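K.L.:
First, the structure itself, so that you have it in front of you.
The values are calculated or read from the model by the stated rules, or taken from the named source; none is laboratory data. Keep in mind the model is a prediction, meaning the values are calculated, not measured. We place every Cβ from the backbone using ideal geometry, glycine too, and count neighbours over all the protein chains shown. The area values use the complete protein model at the heavy-atom level, side chains included, leaving out ligands, DNA and RNA. Shrake-Rupley method; radii C 1.70, N 1.55, O 1.52, S 1.80 Å.
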Amino acid sequence: MGKRIGMEVAVAVAEAVGLCNIDMAAVYPITPQSHIAEHLSDLVADGHIDCEFVTVESEHSAMSAVIGASGAGARSYTATSSQGLMLMHELLPIASAMRLPIVMGIANRAVSGPLNILNDHSDIMPQRDAGWIALFVENAQEAVDLSIAAFKIAEHKDVMLPVSVNIDGFQLTHMVEPFEMPTQEEVNEFLPPFVPHATLHPSKPVTMGAFAMSDYFTEIMKAKDEAVKASKKVIQQVFDEWGEKFGRPYKLVETYKADDADVMMLTMGSMGETAQMAIDELRAKGVKAGLVKLRLWRPFPFEELKAVIGNAKKLIVTDRACSFGGPGGPVFSEIKSALYAEARRPLIYNYIIGLGGRDVQVKEFVGMFENVLADTANKAADTYEFWGVRE
Amino acid sequence: MIEVRWHGRGGQGAVTSVELLAVSAIAAGKYAQGFPSFGPERRGAPVAAFTRIDDKKINVRSGIYEPDVVLVLDSSLIGLVPVTDGLKPDGKLIVNTPKTPEEIRRELNFQGTVATVDGTGIARKEMGVPIANTTMIGALLKVIGVMELDAMKGAIDHRFGRIAQKNLNAMKRAYDEIKILN
């Protein structure tokens with residue numbers, strides 16, 4: 001066990017990325033990601049890491065630059081938030097189609113409008129179908145660990161896909177809290193040098209990101225789908241390797257007191273630990289409550305989710321984003337779809353919570369459970385509600 | 001677990017203080033969180049910052065609404081910001097002011113522990129600047145215990161370099177001079 005240190009999470013993420021022997025970073029600063037951008041550029045400017053830091057004029061350029069650098073065989077990193085991610089959107093499917101193992105930290109933040117700089121998941125949700133692997137973390141330790149592990153996942157020969165590490169803005173990025181920082185030596189042992197399967201080079205021309213008409217486009221999409229699906233196995237393998245080396249194992253779907261739970265809640269990101277405290281309170285009152293924490297959003301861990309839902313009678317899905325005019329929050333839709341074919345499945349409830357930085361306290365998580373347990377006629381199942389909304 | 005809410009004005013260093021305190025507490029083997037009130041901040045405008053310290057892992061990530069301790073870095077905020085809002089009735093109120101704890105208790109009608117120290121005066125004398133954020137860490141540690149003043153040295157040295165000692169001296173004076181009314 002290493003020594004616990006205290007550091008702001010955004011700075012810790014930059015430090016962790018700095019241990020990954022990155023060749024290139026292009027990061028355009030945006031709240032609440034800015035401290036990642038600032039600290040990474042400090043590490044480069046002060047000579048701590050041998051890396052090309054490209055100052056770009058927008059997030060669109062940041063993503064374009066890392067696509068180019070990754071294509072040239074550079075281990076490349078970027079980070080963004082909210083509007084920055086929206087501006088990158090056009091390029092995200094190109095990065096995955098070109099099978100470029102870029103790692104991107106996302107300090108999740110609400111998307112305008114109205115203008116809001118605080119935390120929710122409305123920036124990552126519209127990127128769902130970009131063909132990127134999407135991981136979620138809930139504390140400093142996970143942000144550090146998975147920012148490093150992400151490179152190993154991305155660069156694995158059976159993956160070769162970009163990875164986003166979703167780190168709740170402010171709630172995590174601006175929090176000083178304890179964690180263990182791996183040493184440079186440990187990271188070197190864990191993360192081998194990046195060996196690209198093909199690179200752009202003037203003396204050996206290749207085409208990347210070529211043109212495809214209807215004769216090949218479908219096949220290429222199918223190949224991409226297969227690649228994203230197949231990455232799931234490698235992600236768990238890399239998590240297992242991490243667990244073995246650092247004593248902190250990770251799963252695609254994490255649980256808390258879920259084994260015998262009658263009523264469960266599902267969270268993604270930093271609210272998991274607060275919800276955990278609600279589980280403890282409910283358990284103390286004799287309610288068999290449990291928690292499911294979805295770490296992997298894409299590829300979606302269908303089997304792993306089904307395995308942990310077990311015999312729960314009711315499942316509360318929390319969403320940190322909206323799908324306006326849709327069937328409920330985006331996570332809710334996904335969970336319902338994942339469990340649709342099951343002969344035995346829980347009643348599924350949906351609360352849209354914590355939008356634009358609105359705090360959710362332990363007592364509110366308890367309140368969600370109480371509401372659902374009080375719904376004995378199951379009237380609210382399959383519907384969604386904006387938790388705590390003023391009407 | 002101890003939860004502290006800091007009141008200051010943008011630029012007075014409340015956020016720096018919560019960071020230094022959390023880093024030091026963690027280095028001393030505790031678990032801690034330090035965080036600002038999230039959102040835009042402007043120089044001179046009222047701001048809040050928060051500290052949690054515990055002996056075991058802290059899981060709660062929501063805001064602090066019922067603090068055990070409130071620390072007011074700038075006494076001009078009294079009357080402007082409801083600094084005792086949610087403060088536990090048996091909680092502790094620490095104010096950077098030349099006034100006595102009795103005066104502050106009367107002004108705010110707060111019956112819990114009230115402690116005052118002229119942090120700005122100390123900062124002026126020890127550091128030559130009227131910035132009392134690190135000075136008031138000394139006051140806080142006297143009131144809440146939880147760790148030795150020496151535990152701050154590493155983080156203060158790291159942050160302030162050659163002027164670290166002046167900060168530590170000011171902190172020590174606030175620790176020694178604070179007046180506590182239980």
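Here's the yes/no breakdown for (1) in the same structural domain as A:Leu172 (by TED's automatic domain parsing); (2) among the hydroxyl-bearing types (Ser, Thr, Tyr); (3) under 16 Å from A:Ala307 (Cβ atoms):
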| site | (1), (2), (3) |
| --- | --- |
| A:Asp240 | yes, no, no |
| A:Ala261 | no, no, yes |
| A:Thr274 | no, yes, no |
| A:Arg283 | no, no, no |
| A:Val287 | no, no, no |
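K.L.:
Can you name the number of the only condition in (1) within 18 Å of the chain's Cα centre (by Cα); (2) assigned by TED's automatic domain parsing to the domain that holds A:Glu370; (3) crowded, with 20+ Cβ neighbours inside 10 Å that A:Phe302 fails?
P.N.:
(3)
K.L.:
Oh, and also: Does B:Ile122 fit the bill of being at pLDDT 95 or above and open to solvent by 40 Å² or more (accessible area, probe 1.4 Å)?
P.N.:
no
K.L.:
What number goes with the only condition from (1) in contact with a Gly (Cβ under 6 Å, 6 or more places away or on another chain); (2) within 14 Å of chain B (Cβ to nearest Cβ) that A:Val137 does not pass?
P.N.:
In the conditions (1) in contact with a Gly (Cβ under 6 Å, 6 or more places away or on another chain); (2) within 14 Å of chain B (Cβ to nearest Cβ), A:Val137 misses (1) alone.
K.L.:
So, of the residues in region B:11-20 that are more than 20 Å from B:Tyr65 (Cβ to Cβ) and not in a loop (DSSP other than H, G, I, E, B), which turns out to be nearest to the other protein chains (Cβ to nearest Cβ)?
P.N.:
B:Glu19
K.L.:
Which of the residues spanning region A:1-32 are assigned to a loop (DSSP other than H, G, I, E, B) and away from chain B (no Cβ under 14 Å)?
P.N.:
A:Leu19, A:Cys20, A:Asn21, A:Ile22, A:Asp23, A:Val27, A:Tyr28, A:Pro29, listed by residue number.
K.L.:
Residues B:Ala27, B:Ala49, B:Ala22: which one is closer than 18 Å to B:Ile156 by Cβ, surrounded by 20 or more Cβ atoms within 10 Å (Cβ to Cβ) and touching a Pro at 6+ places or on another chain (Cβ under 8 Å)?
P.N.:
Criteria check complete, one pass: B:Ala49.
K.L.:
Is it fair to say A:Ile235 is more than 19 Å from A:Gln141 (Cα to Cα), of a type in the set (A, V, I, L, M, F, W, C) and open to solvent by less than 40 Å² (accessible area, probe 1.4 Å)?
P.N.:
In short, no.
K.L.:
Name the residues in region B:17-36 that are in contact with a Ser or Thr (Cβ under 8 Å, 6 or more places away or on another chain) and over 22 Å from A:Thr274 (Cα atoms), would you?
P.N.:
B:Ser17, B:Leu20, B:Leu21
K.L.:
I would also like to ask the following. Can you spot a residue in region B:101-114 that is open to solvent by 50 Å² or more (accessible area, probe 1.4 Å), of a type outside the set (Phe, Trp, Tyr) and within 14 Å of chain A (Cβ to nearest Cβ)?
P.N.:
No, there is no match, as no residue in region B:101-114 is open to solvent by 50 Å² or more (accessible area, probe 1.4 Å), of a type outside the set (Phe, Trp, Tyr) and within 14 Å of chain A (Cβ to nearest Cβ).
K.L.:
Related question: Can you name the residue in region B:35-80 that is touching a strand residue (DSSP E or B) at 6+ places or on another chain (Cβ under 7 Å) and assigned to a helix (DSSP H, G or I) and, of all such residues, is farthest from B:Glu103 (Cα to Cα)?
P.N.:
Looking at the filtered set, the residue picked out is B:Leu77.
K.L.:
From the list A:Asp215, A:Asp260, A:Asp240, which residue is modelled with pLDDT of 95 or more, closer than 30 Å to A:Ala289 by Cα and exposed (fewer than 12 other Cβ atoms within 10 Å of the Cβ)?
P.N.:
Only one candidate passes the filter, namely A:Asp260.
K.L.:
Could you tell me whether B:Ala32 is within 11 Å of chain A (Cβ to nearest Cβ), free of Cβ contacts under 8 Å to residues at least 60 places away in the same chain, assigned to a strand (DSSP E or B) and open to solvent by less than 50 Å² (accessible area, probe 1.4 Å)?
P.N.:
yes
K.L.:
Identify, from the list A:Gly326, A:Gly286, A:Gly272, the residue that is modelled with pLDDT of 95 or more, open to solvent by 10 Å² or more (accessible area, probe 1.4 Å) and within 24 Å of A:Gln127 (Cβ to Cβ).
P.N.:
Of A:Gly326, A:Gly286, A:Gly272, the one residue that is modelled with pLDDT of 95 or more, open to solvent by 10 Å² or more (accessible area, probe 1.4 Å) and within 24 Å of A:Gln127 (Cβ to Cβ) is A:Gly326.
Matching residues to (1) of a type outside the set (Lys, Arg); (2) within 14 Å of chain B (Cβ to nearest Cβ); (3) under 19 Å from the mean Cα position of the chain (by Cα):
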| site | (1), (2), (3) |
| --- | --- |
| A:Lys229 | no, no, yes |
| A:Lys245 | no, no, no |
| A:Asp259 | yes, no, no |
| A:Gly272 | yes, yes, yes |
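K.L.:
Give the number of residues within region B:56-89 that are within 17 Å of the chain's Cα centre (by Cα) and either among the hydrophobic types (A, V, I, L, M, F, W, C) or open to solvent by less than 20 Å² (accessible area, probe 1.4 Å) (or both).
P.N.:
12
K.L.:
Here's a follow-up. Restricting to region A:126-173, name every residue that is assigned to a helix (DSSP H, G or I) and within 18 Å of A:Asp319 (Cβ to Cβ).
P.N.:
Here is the first cut: in region A:126-173, the residues assigned to a helix (DSSP H, G or I) are A:126-130, A:140-155.
Listed by number, the residues that qualify are A:Pro126, A:Gln127, A:Arg128, A:Asp129.
K.L.:
Could you pull out the residue among B:Gly8, B:Gly44 that is more than 12 Å from chain A (Cβ to nearest Cβ), open to solvent by 20 Å² or more (accessible area, probe 1.4 Å) and closer than 16 Å to B:Leu73 by Cα?
P.N.:
B:Gly44
K.L.:
Separate question: What residue, among those in region A:4-47 that are without any contact (Cβ under 8 Å) to a residue 40 or more places away in the chain, in contact with a strand residue (DSSP E or B) (Cβ under 8 Å, 6 or more places away or on another chain) and open to solvent by 20 Å² or more (accessible area, probe 1.4 Å), is nearest to A:Phe194 (Cα to Cα)? Before you say what the answer is, go through the steps one by one.
P.N.:
Taking region A:4-47 as the starting set, the residues that turn out to be without any contact (Cβ under 8 Å) to a residue 40 or more places away in the chain are A:11, A:14, A:18, A:29, A:34, A:38-47.
Then drop every residue that is not in contact with a strand residue (DSSP E or B) (Cβ under 8 Å, 6 or more places away or on another chain), which leaves A:40-41, A:44-45.
Checking which are open to solvent by 20 Å² or more (accessible area, probe 1.4 Å) leaves us with A:41, A:44-45.
On the way: A:Ser41: 21, A:Val44: 19, A:Ala45: 23 Å.
Among residues in region A:4-47 that are without any contact (Cβ under 8 Å) to a residue 40 or more places away in the chain, in contact with a strand residue (DSSP E or B) (Cβ under 8 Å, 6 or more places away or on another chain) and open to solvent by 20 Å² or more (accessible area, probe 1.4 Å), the one nearest to A:Phe194 (Cα to Cα) is A:Val44.
K.L.:
Within region A:332-391, take every residue that is in contact with a Leu (Cβ under 6 Å, 6 or more places away or on another chain) and part of a loop (DSSP other than H, G, I, E, B) and give me the one that is most open to solvent (accessible area, probe 1.4 Å).
P.N.:
Step by step, filter region A:332-391, then rank; the result is A:Arg345.
K.L.:
Restricting attention to region A:150-162, does a residue exist that is open to solvent by 10 Å² or more (accessible area, probe 1.4 Å) and within 13 Å of another protein chain (Cβ to nearest Cβ)? Explain how you work it out, then say what you get.
P.N.:
First, pick out the residues of region A:150-162 that are open to solvent by 10 Å² or more (accessible area, probe 1.4 Å): A:152, A:155-158, A:160.
Restricting the remaining residues to those that are within 13 Å of another protein chain (Cβ to nearest Cβ) gives none.
Looking through region A:150-162, none of the residues is open to solvent by 10 Å² or more (accessible area, probe 1.4 Å) and within 13 Å of another protein chain (Cβ to nearest Cβ).
K.L.:
Kindly evaluate A:Lys204 against the criterion of being away from every other protein chain (no Cβ under 14 Å), open to solvent by 30 Å² or more (accessible area, probe 1.4 Å) and modelled with pLDDT of 95 or more.
P.N.:
Here the answer is no, as A:Lys204 does not meet what is asked.
K.L.:
If we only count helices (runs of 4 or more DSSP H) wholly inside region A:174-286, which ones have 1 or more residues that are farther than 30 Å from B:Asp54 by Cα and free of Cβ contacts under 8 Å to residues at least 40 places away in the same chain?
P.N.:
A:184-190, A:217-246
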